[in-house]
1. Inspect all residues belonging to segment 343-354 and state whether any of them is farther than 22 Å from Q223 by Cα and among the polar types (S, T, N, Q).
2. Looking at segment 188-214, which of its residues are in a loop (DSSP other than H, G, I, E, B), more than 24 Å from F395 (Cα to Cα) and in contact with a Gly (Cβ under 7 Å, 6 or more places away or on another chain)?
3. Can you pull out the residues in segment 339-359 that are within 29 Å of the chain's Cα centre (by Cα), part of a loop (DSSP other than H, G, I, E, B) and surrounded by 15 or more Cβ atoms within 10 Å (Cβ to Cβ)?
4. Only residues that are assigned to a helix (DSSP H, G or I) and open to solvent by 20 Å² or more (accessible area, probe 1.4 Å): list them for segment 504-519, please.
5. State whether the residues of segment 91-105 include one that is at pLDDT 95 or above, more than 27 Å from D285 (Cα to Cα) and in a loop (DSSP other than H, G, I, E, B).
6. Would you please name the residue that is most open to solvent (accessible area, probe 1.4 Å), looking only at residues in segment 117-135 that are closer than 27 Å to G400 by Cα and assigned to a loop (DSSP other than H, G, I, E, B)?
7. From the list E297, E274, E310, E264, which one is open to solvent by 40 Å² or more (accessible area, probe 1.4 Å), farther than 30 Å from Y241 by Cα and in contact (Cβ under 8 Å) with a residue 24 or more places away in the chain?
Amino acid sequence: MLDSRQPAPVADRNPIPETLDALVIGAGVAGLYQLYQLRAQGLKAHACDTASDVGGTWYWNRYPGAKFDSEAYIYQYLFDEDLYKGWTWSERFPAQPEIERWMHYIADKLDLRRDISFSTTVTAAKFDETRQIWRVTTNQGEVIETRFLIGCTGMLSAPLEDRFPGQASFKGKILHTARYPRGGLDLAGKRVGVIGTGATGIQVIQTIAAEVGSLHVFVRTPQYVLPMKNPKYGPDEAAWYKARLNELRQNLPHTFTGFEYDFEHKWHDLTPAERLAVLEEIHADGSLKLWLSSFAEMFFDEDVSEEISEFVRQKMRDRLKDPKLIDILVPKPGDYGFGTHRVPLETNYLEVYHRENVTAVSLRDNGIAEIVPEGIRLEDGTVYPLDIIIMAVGFDAGSGALCRIDIRGRNGLSLREEWAKDIRTTFGMMKYGFPNLFMTGAPLAPSAALCNMTTCLQQQTEWISDCIRHLEGSDQGLIEPTLEGENAWVEHHDETANANLISRTNSWYTGSNVPGKPRRVLSYTGGVGTYRAKCSEAATNGYAGFALGRSNIEQPS
């Protein structure tokens, strides 16, 4: 949808040229870097975004408490030393306003705005098989012809806004966290309800509890949480991490998750006392290390998963103390294992529930029936009167943003319809039947599930840029995965995913949060370094698994 909060005037929106070498959809972390690389190749490239400015997820997600949970100094572009060292972060995990300023810094430092159209939504894209180009239309009535179309639309950028019957009847204010108004909301003294306790909901809850009159938190799935330690950064800390740029360049692209740390310990090599000591030390770090660098066995071995899960559950129980709160807020044995859902970092989140104005409402056996004019009604008929409802209910992950565009490839093949049947890609960057359509943060590539996003998005955009450079240098105008190549990648992806416990859980990781969505682990779980190696191997071998040219591509039926 269009950004209704602060759209740019139409007269200043910098229309898209009618013909292009490459059109990039999105002006977030991936889109900005993709545009920069294509321009550097001398291509006539342009980007567009529904938002009125750059930022992507850091433009839209401006809800109270929004912040990094990757360390700031690794959530950066690493390709340019001056660009990296020219920005100084104020703390380990900065908040959204600072992150948005950083995105503006990137756009201005690289002089990207002159080739970006804001307040512009791509509504449809059709591949013209006769002329071998993409014809793209926008909500502004533009028609653009481009040889290459690149969707940098984000892994978590299609909010599930229409979730409950009766939402339109609510007399107060109801909104999704990804559509929080730029100027914020006046919550003082208000009766506020928050639906959802994932990473986003937790950030909202812990931030607004002291401001609102009353806060009702509607909890369906209890979450494992880790306490965040967020020290401020002064000159010494900035000098420390900036001096590590070359180290980070060498390290981040090759770890399992694209973070600076990696799995260092093997469960069965240690005694129970030694394991506990490792868990205690890493838990005290105040980061995602317990999830992403403690024991890899927790993703594969149910016994190890249960021991680590119980370690985290006990940490949570020790803070909550109240048996009723523990029952509502702490996962139970048998629910799911620690790390198989997105792990949130938090700051005094559990302690919020000890406040007199905060109530946890369990939805485990008594779900939300509907939104009524005065508030939220549960299945047993209980109504909670509210002034404001904040929906932290998630996204149609991976495939959602691209499916909201009518994209049609060879023989009118609809991407939306194909993914409604089965979510398949090659490397998560291309799709059989859709020549010269590239994607980042798409299904079957490493993404927000198990990857520091800037690490993964830099690699994906660089692979796409190198691929286009190869086509330009060889006078081959088209590239498309072969059916055999796509089948091979899907088989490898599934073999890797089905070997771990993530595949057995219900969450946005598997698409199960969207009714009717085909079930598949959406993110590649074989490791960032392995993924990079496989992508590089395909390119080195003449883009094995892809067909290049204009006439040698098997036509999809």
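The values are calculated or read from the model by the stated rules, or taken from the named source; none is laboratory data. Note that this is a predicted model, so its numbers are computed, not measured. We place every Cβ from the backbone using ideal geometry, glycine too, and count neighbours over all the protein chains shown. Accessible surface is based on the protein model in full, side chains and every heavy atom, while ligands, DNA and RNA are left aside. Shrake-Rupley method; radii C 1.70, N 1.55, O 1.52, S 1.80 Å.
1. no
2. Selection gives G189, K190, G213.
3. G339, T340, H341, R342, V343, P344, T347, Y353, listed by residue number.
4. Matches in segment 504-519: R504, W508.
5. no
6. E129
7. E297
For (1) touching a residue at least 40 places away in the same chain (Cβ under 8 Å); (2) buried (at least 22 other Cβ atoms within 10 Å of the Cβ); (3) of a type outside the set (V, I, T); (4) closer than 23 Å to T347 by Cβ, each residue gets a yes or a no:
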| position | (1), (2), (3), (4) |
| --- | --- |
| G56 | yes, yes, yes, no |
| I74 | yes, no, no, yes |
| D80 | no, no, yes, no |
| Y84 | yes, no, yes, no |
| T88 | yes, no, no, yes |
| E91 | yes, no, yes, yes |
| P97 | no, no, yes, yes |
| D111 | no, no, yes, no |
| D115 | yes, no, yes, no |
